[in-house]
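One structure is given here, and the rest of the page talks about it.
The numbers here are math on the coordinates, done by the rules we state, and not lab data. No experiment lies behind these values; they were computed from the predicted model shown. A quick note on method: Cβ atoms are made from the backbone with ideal geometry, for glycine too, and the neighbour counts reach across all protein chains shown.
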Amino acid sequence: MRTLHRLLFGTLAWTLVIPVVACIMLAAVWGRPLGWILISLIVAVLMGAVLTAVHHAEVIALRVGEPFGTLVLALAVTVIEASLIVALMLSGGATASALARDTVFATVMIICNGVVGLCLLMGALRHRVLAFRVEGTTPALSVLATLATLTLVLPTFTSSTPGPTLSLSQNVFVGIVSLALYAVFVFVQTVRHREYFLPVEVDLEVEVETPNDVLPSGPVALCSLALLFLSLVAVVGLAKTLAPNIDIIVRAVSVPHAVVGIAIAIMVLLPETWAAVRAAIRNRMQTSFNLALGSALATIGLTIPAVVVTSIVLGLSLELGLPNKEIALLALTLMISTMTLSRGVATVMQGAVHLVLFAVFLFLAIVP
């Protein structure tokens, strides 16, 4: 009970209050037109919910250990992200046919360039040379490259249907393959070769704990799990209330509609980004990569099957194939990521390269 009080009711009492406040805010603004004051208030509460989600995810991660802990936030965010995409597809009409593609592509680019680059930069500035396990990062990247190519590239070149779309049988096949390959990766990460995904300084038999890493009890972990769920629901729900205003702003400034997908991906990925950067600053790059690459894999492996099923059941149009410019950026990103993650060590140079690619992605999304 003393640990419970220290973790949840002491100086971190905000981790209990913010999820409740965020959910109340969500209920109060749901379906209402938003003025600038409400938008500013929603953004502030959204940021608080993000920080709270990260805290509770870390409490759960301490309880279950690596690499199970890094899966908690990735899976929770991805499931709710898929729900958000499906909801926007249902309400977005014809313009939403490419929303899943744009959001998944934006997620891959944000993670592989923005999140990975920021983690490498922040970690290397403090620790100079960063170490991680090649046997963990390389399989994750190979699965990511396969899933990204199958779901985002091949639909552009198939001939069964016109345009960047797939036929019914092709959609079903892609959904099944994506889910199956992701399931195999999770099995390898958590059961078969768990040691490949542990931080470099952690031995499989004796995991080193820092003085501040107090192992939470079962009730603390369950409490954090419930509060994590509330925080993530609030994050995605508030992001959804902001989405129409983002769409209005996008139309007002005459930028491509794909920017909406980027904005959604950035908002949903905030908890994972913050957790990954904090791990990098503590010189736990394997944990950062588990979070980052695991999120990208979960986004494709879970979101694509979900939107495929939704499009088939409800008869919605679904465009998955990327245009040529985006295919080139994806190919360059995967090539650079292979160079970065295949050596087992990295410096500030690799971080700078990934951040430049992230800047190119954002710039070309706005100025195509």
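Assuming R0 = 45 Å, what is the FRET efficiency of residue 47 and residue 159, from their Cβ-Cβ distance, to the nearest 0.05?
That pair, residue 47 with residue 159, gives E of 0.45.
Based on the alpha carbon coordinates of the stretch 11-53, what radius of gyration and maximum Cα-Cα distance (Dmax) apply, in Å?
According to the Cα coordinates of the stretch 11-53, Rg and Dmax are 10.9, 36 Å.
First select every other residue whose beta carbon is under 15 angstrom from the beta carbon of residue 362; then total the charges, Lys and Arg +1, Asp and Glu -1.
Net of charged neighbours comes to -1.
So if the hydrodynamic radius of the chain is defined as the Kirkwood radius over C-alpha pairs, what does Stokes-Einstein give as its diffusion coefficient at 10 °C and 1.306 mPa s, in µm² per second?
76
Ranked highest first by average number of other Cβ atoms within 10 Å, how do 277-286, 334-343, 297-306 line up?
Put in order of decreasing packing, that is 297-306, 277-286, 334-343.
Provide the gained length on full extension for the span residue 192 to residue 363, in nm with one decimal, where the gain is 0.36 nm per separating residue minus the Cα-Cα distance. Before the final figure, lay out each step's value.
Working: separation 171, 0.36 × 171 = 61.56 nm, distance 4.13 nm.
Here the answer is 57.4 nm.
Classify the stretch 111-160 from the C-alpha gyration tensor, please: rounded if a/c falls under 1.5, else prolate or oblate depending on whether a/b exceeds b/c.
It is oblate, given that a/c is not under 1.5 and a/b is not larger than b/c.
Rounded to two decimals, what ratio of Rg to Rh does the stretch 228-281 give with C-alpha atoms and a Kirkwood Rh?
Radius of gyration relative to Kirkwood radius: 1.08.
Need the full-extension length gain, residue 34 to residue 13, defined as separation in residues times 0.36 nm minus the C-alpha distance. One decimal, nm.
Here the answer is 4.6 nm.
Got the relative contact order for the chain handy, in percent, Cα pairs under 8 Å and 6 or more residues apart?
Relative contact order for the chain comes out at 38 percent.
Within the chain, which DSSP H helices have Cα atoms that stretch 30 Å or more along the helix axis and a mean Kyte-Doolittle hydropathy of at least 1.6?
Values: long enough: 36-64 (42 Å, 1.93); 68-92 (35 Å, 2.13); 218-252 (50 Å, 1.69); 258-281 (32 Å, 1.89).
Counting only whole DSSP H runs, the qualifying helices are 36-64, 68-92, 218-252, 258-281.
Need one word for the stretch 216-368: rounded, prolate or oblate. Basis is the Cα gyration tensor (sqrt eigenvalues a ≥ b ≥ c); a/c below 1.5 gives rounded, then a/b vs b/c decides.
Judged from the Cα gyration tensor, the stretch 216-368 comes out oblate (a/c at least 1.5, b/c at or above a/b).
Among residues other than residue 52 whose Cβ falls under 15 Å from its Cβ, what is the net charge (Lys/Arg +1, Asp/Glu -1)?
-1
Counting pairwise Cα distances across the stretch 262-347, what percent come out greater than 22 angstrom? All intermediate terms of the calculation are to be shown ahead of the outcome.
Working: 1574 of 3655 pairs.
Distances greater than 22 Å cover 43 percent of the Cα pairs.
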